[in-house]
Amino acid sequence: MDDVSRRSSSGGGTFRTTSRRLRSTTVFNSDGSRRHLEVLEEAGLTRRMIARSAKVSLKALSTISSQTQKSIDASVAQRVLAVTFHPSDDRKRTPGVGAQRRIRALVAMGFPFSDLAQRLGVSQAVLESLPEKGLIRVALWESIDRLYDELSMTSEAPNPAVRDWVRDVQGWAPPLAWDDDEIDDYRARPHRPRGLKSLDPVAVERRLNGERSINLTLADQEAIVKVALSQKWPVARLADVLSCDERAANTRLVRYRARMRTKSAAHGESVSDVA
């Protein structure tokens, strides 16, 4: 703290005033960071991996996990909250829950495990044993992610018997039940079937007019993506309207275009005829 000295000329005297700027560190309530840390560990990340990704010390993570610690430094909290479930920071292994959900979603579309394994160049046992809690190689996660992006666009089930059995007996959710920015989140759950396809034009209109608290079905979100494409929105604007990050917004755009190309080809239309 800097001392500030001032001299007074009145009456020929002098006086000194000392002001001290109190150094203050912005603090966060530690509950959110503690819960995120717990969920990252439940998903399979070790505390050392989390510390490396967050660029904080193991001691800082121990402080967060302490039930007696009610507040923590804001920068530490933000770094921990920024650690993702999907691959980042050049780590070699990542939580397998997102890969498991992607494979199961494709099986729920009608793609047998054997077909997916052949496409990926791995054994069927590898896909059937993908962990909900545990780590897999990033290379495998990335291969599954690419295959999911490719196959989740298709509209027809290659094996309806597999599709029906998996949905009725296993209860696995198809791609439409998952938001792209949630599928890797260990805490996320698939959307209920009744909320997948019902379009609410009023909800869409209210979102477009700035009401971000309005809940959207996946059909509502697709309608907004269609508007974004027709009006040539930047990705940042779409992300804002959908309340997701830009990566998820861009994925939705890519998938929508691909789905429209597939429909156009099936009906003998040109791609330019479709928004």
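The values are calculated or read from the model by the stated rules, or taken from the named source; none is laboratory data. Because the structure is a prediction, the values reported are computed rather than measured. Neighbour counts are summed over all protein chains in view; Cβ atoms, including those assigned to glycine, are modelled from backbone coordinates with ideal geometry. The accessibility values were calculated without ligands, DNA or RNA, using every heavy atom of the protein model including side chains. Shrake-Rupley method; radii C 1.70, N 1.55, O 1.52, S 1.80 Å.
Can you tell me which of (1) open to solvent by 30 Å² or more (accessible area, probe 1.4 Å); (2) in contact (Cβ under 8 Å) with a residue 60 or more places away in the chain; (3) among the small types (Gly, Ala, Ser) is the one residue 129 doesn't meet?
Result: residue 129 fails condition (2) only.
In region 155-174, what residues are at pLDDT 85 or above, assigned to a helix (DSSP H, G or I) and over 12 Å from residue 111 (Cα atoms)?
169, 170, listed by residue number.
Are there any pairs with C-beta distances below 8 angstrom linking a residue in region 146-171 that is closer than 30 Å to residue 249 by Cβ and in contact (Cβ under 8 Å) with a residue 60 or more places away in the chain to a residue that is open to solvent by less than 70 Å² (accessible area, probe 1.4 Å) and of a type in the set (Ser, Thr, Tyr), with the two at least 6 apart or on different chains, and if so which?
149/251; 153/262; 154/262; 155/262
Please go through (1) open to solvent by less than 30 Å² (accessible area, probe 1.4 Å); (2) of a type in the set (Lys, Arg); (3) part of a loop (DSSP other than H, G, I, E, B) for residue 207 and return the number of the only condition it doesn't satisfy.
(3)
Do you know which of the residues in region 123-137 that are assigned to a helix (DSSP H, G or I) and of a type in the set (A, V, I, L, M, F, W, C) is nearest to the chain's Cα centre (by Cα)?
Here the answer is 127.
Residues to consider are 72, 136, 64; find the one that is open to solvent by less than 50 Å² (accessible area, probe 1.4 Å) and at pLDDT 95 or above.
On inspection, the qualifying residue turns out to be 136.
For residue 120, which of the numbered conditions (1) among the hydrophobic types (A, V, I, L, M, F, W, C); (2) buried (at least 16 other Cβ atoms within 10 Å of the Cβ); (3) within 30 Å of residue 51 (Cβ to Cβ) fails to hold?
Against the list (1) among the hydrophobic types (A, V, I, L, M, F, W, C); (2) buried (at least 16 other Cβ atoms within 10 Å of the Cβ); (3) within 30 Å of residue 51 (Cβ to Cβ), residue 120 comes up short only on (3).
Does residue 224 qualify as being part of a loop (DSSP other than H, G, I, E, B), of a type in the set (Val, Ile, Thr) and surrounded by 14 or more Cβ atoms within 10 Å (Cβ to Cβ)?
Taking the combined requirement at face value, the residue does not satisfy it.
Rundown of residues vs (1) in contact with a Ser or Thr (Cβ under 7 Å, 6 or more places away or on another chain); (2) part of a loop (DSSP other than H, G, I, E, B); (3) not hydrophobic (A, V, I, L, M, F, W, C), yes/no style:
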residue: 48; (1), (2), (3): no, no, yes
residue: 51; (1), (2), (3): yes, no, no
residue: 56; (1), (2), (3): no, yes, no
residue: 59; (1), (2), (3): no, no, yes
residue: 72; (1), (2), (3): yes, no, no
residue: 75; (1), (2), (3): no, no, yes
residue: 86; (1), (2), (3): yes, yes, yes
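Which residue is nearest to the chain's Cα centre (by Cα), if the candidates are limited to region 78-100 and must be open to solvent by less than 20 Å² (accessible area, probe 1.4 Å) and in contact (Cβ under 8 Å) with a residue 60 or more places away in the chain?
Going through the qualifying residues, I end up with 85.
Can you tell me which of 252, 237, 257 is open to solvent by 70 Å² or more (accessible area, probe 1.4 Å), out of contact with any Asp or Glu (no Cβ under 6 Å at 6 or more places or on another chain), modelled with pLDDT under 85 and not polar (S, T, N, Q)?
Only one candidate qualifies: 257.
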